[in-house]
1. Compute, for T9, the solvent-accessible surface of its heavy atoms (probe 1.4 Å) with the complete set of protein chains present, and express it in square angstrom to the nearest 10.
2. Once the whole set of protein chains is in place, how much accessible area is left on F22, using a 1.4 Å probe, in Å² to the nearest 10?
3. Plugging the Kirkwood radius over Cα pairs into Stokes-Einstein for region 14-56, at a temperature of 37 °C and a viscosity of 0.692 mPa s, what D comes out in µm²/s?
Amino acid sequence: MNMVLIENTAGSSQVITIIEEFAGHSVSRDLNPGEHTRIPVGQFKSIVVRETYPDDWLARARARNATIPAAIASCAA
């Protein structure tokens with residue numbers, strides 16, 4: 001198995017979105033400036049790395065935060 005290190009340098013004005021695809025599934029995560037991650041890779045996994053501009057990740061964060069209270073309410077019911 002190999003490891004890939006992805007780092008979003010401190011002072012960057014962009015968020016990096018990492019998309020891992022494997023076995024028909026897709027998982028994504030964001031790296032803020034100054035963060036890094038190590039991802040294990042193999043022959044059946046692909047990785048896509050793209051820059052996400054502040055407007056994009058702010059909109060996604062707001063949408064995600066808007067669904068959290070609804071998810072909490074449905075768990076409490």
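1. Accessible surface of T9 is approximately 80 Å².
2. 80 Å²
3. Numbers: Rh = 11.2 Å.
Answer from the Stokes-Einstein relation: 293 µm²/s.
The values are calculated or read from the model by the stated rules, or taken from the named source; none is laboratory data. Every value quoted in this text rests on a predicted model; they were computed, and no experiment measured them. For accessibility, only protein heavy atoms count, side chains too; no ligands or nucleic acids. Shrake-Rupley method; radii C 1.70, N 1.55, O 1.52, S 1.80 Å.
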